[in-house]
Amino acid sequence: MTEAEIFDILRQGLWASVVISAPLLAVALVVGVAVGLFQALTSVQEMTLTFVPKAAMMLGVFWLSMSFMTSTLVSFFTDTIIPQIAGG
């Protein structure tokens with residue numbers, strides 16, 4: 001295995017991790033901005049107000065996108081990692 005192949009596998013693995021984590025990070029960003037805007041407008045500075053909605057929404061999005069994440073990871077392994085282990 002050459003350095004170029006190793007870097008290509010590493011690049012594909014990093015891209016797969018970006019694709020897998022994008023839904024959760026996007027929801028955390030949107031909910032965090034919305035709650036922060038609400039806190040700034042109402043002058044309510046409660047720490048649980050930022051944590052609870054963000055955790056609940058992230059849990060819901062994780063539950064909804066779990067099959068997408070699993071299929072992305074499985075396809076990465078079956079298309080990229082397993083052939084390299086088998087010598088292909």
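Surface exposure of the chain, expressed per residue as accessible area with a 1.4 Å probe, stands at 73 Å². Taking all protein chains as present, what is the carbon and sulfur share of the accessible area of the chain, in % to the nearest whole number, probe 1.4 Å? Answer for the chain is 77 percent, counting heavy atoms of protein chains only. How far is the Cα center of the range 26-88 from the Cα center of the range 2-24, in Å? Taking the Cα centre of the range 2-24 as reference, the centre of the range 26-88 is 18 Å away. Computed from Cα positions, the angle between helix 3-42 and the longest principal axis of the chain comes to roughly 10 degrees. Mean projected area of the convex hull spanned by the Cα atoms of the range 1-83, taken over all viewing directions: 6.9 nm². Over the chain, Cα pairs under 8 Å with separation of 6+ residues give a relative contact order of 43 percent.
Seen against the Cα atoms of the chain and their longest principal axis, helix 47-76 is set at about 20 degrees.
The values are calculated or read from the model by the stated rules, or taken from the named source; none is laboratory data. Here the structure is a predicted model, which means the values were calculated and not measured. With ligands, DNA and RNA removed, areas are computed over all heavy atoms of the protein, side chains included. Shrake-Rupley method; radii C 1.70, N 1.55, O 1.52, S 1.80 Å.
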